[in-house]
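J.: Here it is: the structure, laid out below.
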Amino acid sequence: MEGCALGDDCKVLSIPANEVAESHMGSVRVANMVMLGAYVAASGVVSMESVIAALPEVLPPHRHKFISLNDKALRKGAEFANLD
């Protein structure tokens, strides 16, 4: 890839979110959480623990059974972002 529209300090990551979600979590439905975990880890915009702690507040009660799965997906995405 040549250059980055965001400037010279831009970092481009290629995260196989669908594959990671399917192979590690058993569902592509958490690919978005894999990507969020990668973004949080790469950017440092907020701590991973803050994102995980917010899950019970942002997910509706009938989705609370998926908090553990979302936690795992976030952390797996962070692992991919931290690979150099």
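J.: Under the rule a/c < 1.5 gives rounded, and otherwise a/b versus b/c splits prolate from oblate, where does region 17-79 land using the Cα gyration tensor?
T.: It is oblate, given that a/c is not under 1.5 and a/b is not larger than b/c.
J.: So what are the ³J(HN,Hα) numbers for region 30-43, from phi and the Karplus equation (6.51, -1.76, 1.60; θ = phi - 60°), rounded to whole Hz, Gly and Pro as x?
T.: Karplus values, whole Hz, x for Gly and Pro: 9, 4, 5, 6, 4, 5, 4, x, 5, 5, 4, 5, 6, 8.
J.: What is the angle, in °, between the Cα long axis of helix 48-58 and the longest principal axis of the Cα atoms in the chain? Nearest 10 is fine, range 0 to 90.
T.: Compared with the principal axis, the helix lies near 40 degrees.
J.: Hey, got the dipole for the chain? About the Cα centre, +1 on K and R Cβ, -1 on D and E Cβ, debye to the nearest 20?
T.: The dipole magnitude comes to about 480 debye.
J.: A further question on this structure: Using +1 at the C-beta of Lys and Arg and -1 at the C-beta of Asp and Glu, which of His24, Ala81, Val12 has the Cα lying farthest in the positive direction of the dipole of the chain?
T.: Result: His24, furthest along the dipole toward the positive end.
Read-outs throughout are calculated quantities, based only on the coordinates presented, and are distinct from any laboratory measurement. Remember, predicted model here, so these are calculated numbers, not experimental data. Methodologically, a virtual Cβ is constructed for each residue, glycine included, from the backbone with ideal geometry; neighbour enumeration extends over all protein chains shown.
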